[in-house]
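Q: My questions all concern the structure below.
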Amino acid sequence: MSKRKEEKCSFCANGGGLPLRNQGFSRRHFVKIAGTGLVASFFAPVISPRLLYGQTIAPNVALKNTAKNCIFIFLAGAPSHVDTWDLKEGSWTPSDFAPTSYLSGAVRFPQRLMPKTAEQIDKLSFIRSGLAWAAVHALAQTWTQISRSPTGATGAIAPHIGSVVSLESQLSRTPSDVLPAFIALNSGGIPSSGYFPAKYSPFIVQATSTGLSTLKHPEGATRFSTRWNFLQMLDANRTSGALAKKSTDMNDLYIQAKALMDDPTVDNLFSFTDADHARYGSSTFGDGLLVAKQLIAGKKGARFVQVTYGGWDHHSDIYDKTAAESLYTQCADFDPAFAALMSDLSSSGLLNETLVVVIGEFGRTTGPITSQGGRDHFLRFAAMMAGGGVKGGRVIGKTNAVGDQIMEYGWAPNRDIRPEDIASTIYSSLGIDYTTMRTDDPLNRGFEYVPGARVGQYQPIDELF
């Protein structure tokens, strides 16, 4: 929780929800776009010859298809990029950060702040030319997870990235895939499945050593089976679809729940030993990453696992070791947990097929800290990726000495990397066509997985691979 009044950013663009379609730049299309409230700076790229003449211009899509799974680590509250993934040194830098050069000098990293992560640095790639659309927590957090403006036309119906992965993975599921494809650990309040069926929503679990206690019926398996069969006979309308989406959603959730209860191995994937709890740092965040690893390793159908870790909103006391939440306290949890995850995935061979993403909703102000000893909201951000085909040791983008301006974008489009590009990268690595436009949306306007990707406005960061 911030200790000062949150400041709203000056630019909360609505353009992330723009459904760019191959329909030409008609008056009707102009009215639709203008009605979304776009500012001129974002509207400019829309007016292109490709749209003016109504050409079919979806780009040639070459998907990476290098990953089977994704572990999405969301650092809610926005970590300071200039103290972590894009370290900038100055009079403000605590000496015990012990900045150290890695990867032939390409990366300066706070070695003592995150010593165990530093040991894994050859597996990591850093994105330093990121730029968020909004510096307001709720807006930017949702934007990052649905790859569009929450206030745009399709924002209210948009599914989480994980829900798209869940839907797209259905054709490849086998009878042994009893887990929901999208599982969210320690992640209450995140976006859900949008207009997609509820079975693609996140299965939200708080990671605990005891696993899922509700998998066993209190009166035993035989009694449960009898009651289940009676319910199917009694509640035929729920299974027939006669009561429309809400009833079929409920039926799908019942079936998912029963599949979990019927598989005796499932609970082992959600529980863990004291030794593993300690190895991952003896923290709630560590428990989340430990369970995420087990879910992927269990090969029971989990494809997108999100672990959320908040507390990075350091408007004050960012370097205060005695504060309840400072960079030191957060990194003390993050460092052993993340390093253990990377080590386990690497040693088991799972890192080759599992994309790991570490990201917050935006960054924090640069240079000397504020009079309150902290850093305020800032649009520029940095992120990390590893595994799933990502080449370790890559650095995408270069900022100036304090980290507030871009010197080199570091990728082919030669522009800022937006949340939509991050989503495109995740989809591409998983073999999902990020330019997909669905025609089943309730607005009857076409729903794009990544708005604007069809016309080349956003694309994967191929330089990572």
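The values are calculated or read from the model by the stated rules, or taken from the named source; none is laboratory data. The structure displayed is predicted, hence computed values, not measured ones. Note that we place each Cβ from the backbone using ideal geometry, even for glycine, and neighbour counts take in every protein chain shown. Keep in mind that these areas ignore ligands, DNA and RNA; they rest on the heavy atoms of the full protein, side chains included. Shrake-Rupley method; radii C 1.70, N 1.55, O 1.52, S 1.80 Å.
Q: Let me check something: with ligands and nucleic acids excluded, how do Lys246, Lys391 order by accessible area (1.4 Å probe), largest to smallest?
A: Details: Lys246 180, Lys391 115 Å².
Greatest to least solvent exposure: Lys246, Lys391.
Q: Now for a different question. Under the rule of at least 5 residues apart or a separate chain, name every residue whose amide H is placed under 5 Å from the amide H of Gly130.
A: The answer is Phe381, Ile417.
Q: Something else: Modelled label-to-label distance, Ser176 and Ile157, 7 Å Cα→beta-carbon offset: nm?
A: A separation of 3.9 nm, rounded to one decimal place.
Q: Run the 1.4 Å probe and let me know the accessible area of Thr370, rounded to the nearest 10 Å².
A: Surface open to solvent at Thr370 totals about 40 Å².
Q: Sticking with this structure for a sec: So if R0 is 51 Å, what FRET efficiency would Arg223 and Lys321 give, r being the distance between their Cβ atoms, rounded to the nearest 0.05?
A: Working: r = 55 Å, r/R0 = 1.07.
That pair, Arg223 with Lys321, gives E of 0.40.
Q: Then there is this: What number, rounded to the nearest 500 deg cm²/dmol, is the helix-based mean residue ellipticity at 222 nm of the chain, given -39500 (n - 2.57) per DSSP H run of at least four residues and division by all its residues? All intermediate terms of the calculation are to be shown ahead of the outcome.
A: On the way: 14 runs with 135 residues, N = 465.
Only helices count here, giving -8500 deg cm²/dmol.
Q: While we're here: Provide His217, His160 ordered by accessible surface of protein heavy atoms (probe 1.4 Å), highest first. Walk me through the numbers before you get to the answer.
A: Values: His217 50, His160 0 Å².
Output order, biggest surface exposure first: His217, His160.
Q: Okay, next question. Please report the net charge: other residues with Cβ closer than 15 Å to the Cβ of Leu179, K and R +1, D and E -1.
A: Details: positive: Lys68, Arg173, Lys199, Lys258, Lys293, Lys299, Lys300, Arg303; negative: Asp177, Asp252, Asp262, Asp263, Asp267.
Summing Lys/Arg as +1 and Asp/Glu as -1 gives +3.
Q: Ranked from the most accessible area to the least, with a 1.4 Å probe and all protein chains present, what is the order of Lys199, Lys300, Lys216?
A: Numbers: Lys199 65, Lys300 40, Lys216 170 Å².
Ranked list, largest accessible area first: Lys216, Lys199, Lys300.
Q: Just check the chain against the gyration tensor rule for me: Cα atoms, a ≥ b ≥ c as the square roots of the eigenvalues, rounded for a/c under 1.5, and otherwise prolate or oblate depending on whether a/b exceeds b/c. Intermediate values should be presented prior to the final figure.
A: Values: a/c = 1.78, a/b = 1.12, b/c = 1.58.
Note, shape of the chain comes out oblate.
Q: Further question: Taking the Cα-to-Cβ direction at Asn352 and at Arg438 and moving 7 Å from each Cα, how far apart do the two end points lie in nm?
A: Placing both labels 7 Å beyond Cα along the Cβ direction yields 3.3 nm.
Q: While we're looking at this one, here's another question. At a 1.4 Å probe, what is the % contribution of carbon and sulfur to the accessible area of the chain?
A: Details: 9950 of 19040 Å².
Of all accessible area on the chain, carbon and sulfur atoms account for 52 percent.
Q: Across all directions of projection, what mean area in square nanometres is found for the Cα convex hull of region 308-465?
A: Working: hull surface 47.6 nm².
Approximately 11.9 nm², given one-decimal rounding.
Q: Hey, another quick one. Let me cross-check Thr174: its accessible surface, 1.4 Å probe, with only protein heavy atoms counted, in Å² to the nearest 10?
A: Accessible surface of Thr174 is approximately 70 Å².
Q: May I pose another question? Expected output is a single nm value to one decimal: the length gained when fully extending between Ala62 and Thr214, i.e. 0.36 nm times separation in residues minus the C-alpha distance. What is it?
A: Details: separation 152, 0.36 × 152 = 54.72 nm, distance 4.34 nm.
Once the chain is fully extended between Ala62 and Thr214, it gains 50.4 nm.
Q: Tell me, what is the FRET efficiency for Thr93 and Tyr409 to the nearest 0.05, using R0 = 30 angstrom and their Cβ-Cβ distance as r? The partial results should precede the final answer.
A: Values: r = 25 Å, r/R0 = 0.85.
Plugging the Cβ-Cβ distance into 1/(1 + (r/R0)^6) gives 0.75.
Q: Treating only the Cβ of Lys, Arg, Asp and Glu as charged (+1, +1, -1, -1), what charge dipole size does the chain show about its Cα centre? Round to the nearest 20 debye.
A: Details: 44 positive and 41 negative charges, 257 e Å.
The dipole magnitude comes to about 1240 debye.
Q: Still on this structure, I have one more. Leaving out ligands, DNA and RNA but keeping every protein chain, what accessible area does Val61 have, in Å² rounded to the nearest 10, with a 1.4 Å probe?
A: About 50 Å², rounded to the nearest 10.
Q: At 1.4 Å probe radius, can you tell me the per residue accessible area of the chain in Å²?
A: Values: 19040 Å² over 465 residues.
The answer is 41 Å² per residue.
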